[in-house]
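These notes are about the structure you will find just below.
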Amino acid sequence: MNPMQDPLAALRPLHTPQPISWWPPAPGWWIIGALAVIIPALFWWYLRRTRLRRTALGELKEIRAMAGSTEEKVRNLALLLKRYVLVLYPEKEVAGLTGEDWLRFLDEKLGQSPGPFQQGAGRVFGTSLYGEKIESDCEQLCSLVSLWIKKNRLRG
């Protein structure tokens, strides 16, 4: 046959392409790999950052459920609040606060001055924790401490 008669005869034979290499991976695999590292790291960071608050709120829940006198519950609430504050703020700034100064500090950090600690149910934390009989609504105090804990968190 004349090559002029059959134009397909001049073509080279078919050949298969080389197999696709596993390296470097496609961009989608890079994204999946990055997300597989970043998402657990962010979750771990979030858990560490909120551990103090979750622990304090858990202890508050135990105090709420505790069977005991009002005086005992209020003292436990005051102790929980003081311990939480000592972790959040420098010891030199808050360790010595008592009475009206303590209540003012709590209200300022709550964003209300004067607020529920100086003029409301939280007043019991600065005046009559030890001594006379405590007449206070425990549930209202628990809600106030819960609000304070939720609004104030560890920085950094």
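The values are calculated or read from the model by the stated rules, or taken from the named source; none is laboratory data. Here the structure is a predicted model, which means the values were calculated and not measured. All Cβ positions, even for glycine, are placed from backbone atoms using ideal geometry, and neighbour counts span all protein chains on display.
If you check every pair at least six apart or on different chains, which have Cβ atoms under 9 Å apart with a residue in segment 129-156 that is among the small types (Gly, Ala, Ser) first and a residue that is at pLDDT below 70 second?
Listed pairs, sorted by first residue: SER136/SER128.
Select the helices (runs of 4 or more DSSP H) contained entirely in segment 43-156, then report the ones holding at least 2 residues which are among the polar types (S, T, N, Q) and at pLDDT 90 or above. Quick ask: steps written out before the conclusion?
Numbers: elements: 70-88, 91-94, 99-110, 124-127, 138-151.
In segment 43-156, the matching helices (runs of 4 or more DSSP H) lie at 138-151.
Residues are listed down the side, and each one gets a yes or a no for (1) touching a His at 6+ places or on another chain (Cβ under 8 Å); (2) surrounded by fewer than 10 Cβ atoms within 10 Å (Cβ to Cβ); (3) more than 30 Å from TYR84 (Cβ to Cβ); (4) not small (Gly, Ala, Ser):
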residue: ALA10; (1), (2), (3), (4): no, yes, yes, no
residue: PRO13; (1), (2), (3), (4): no, yes, yes, yes
residue: ILE20; (1), (2), (3), (4): no, yes, yes, yes
residue: TRP23; (1), (2), (3), (4): no, yes, yes, yes
residue: LEU35; (1), (2), (3), (4): no, no, yes, yes
residue: ARG48; (1), (2), (3), (4): no, no, no, yes
residue: ARG54; (1), (2), (3), (4): no, no, no, yes
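Please work out if GLY96 is loosely packed, with under 14 Cβ neighbours inside 10 Å and within 20 Å of GLU139 (Cα to Cα).
Criteria not met by GLY96.
Each row is one residue, and each column tells you yes or no for (1) among the small types (Gly, Ala, Ser); (2) within 18 Å of LEU52 (Cβ to Cβ).
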{"residue": "LYS82", "(1), (2)": "no, yes"}
{"residue": "PHE105", "(1), (2)": "no, no"}
{"residue": "GLN112", "(1), (2)": "no, no"}
{"residue": "SER136", "(1), (2)": "yes, no"}
{"residue": "SER146", "(1), (2)": "yes, yes"}
{"residue": "ASN152", "(1), (2)": "no, yes"}
{"residue": "ARG155", "(1), (2)": "no, yes"}
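Considering only segment 68-90, state which residues are out of contact with any helix residue (DSSP H, G or I) (no Cβ under 9 Å at 6 or more places or on another chain) and either within 17 Å of GLU108 (Cα to Cα) or crowded, with 16+ Cβ neighbours inside 10 Å (or both).
The answer is GLU71, ARG75, PRO90.
Checking LYS73 against (1) touching a Cys at 6+ places or on another chain (Cβ under 6 Å); (2) of a type outside the set (Gly, Ala, Ser); (3) farther than 22 Å from GLU135 by Cα: exactly one of these is not met. Which one?
Looking at each condition in turn, LYS73 falls short on (3).
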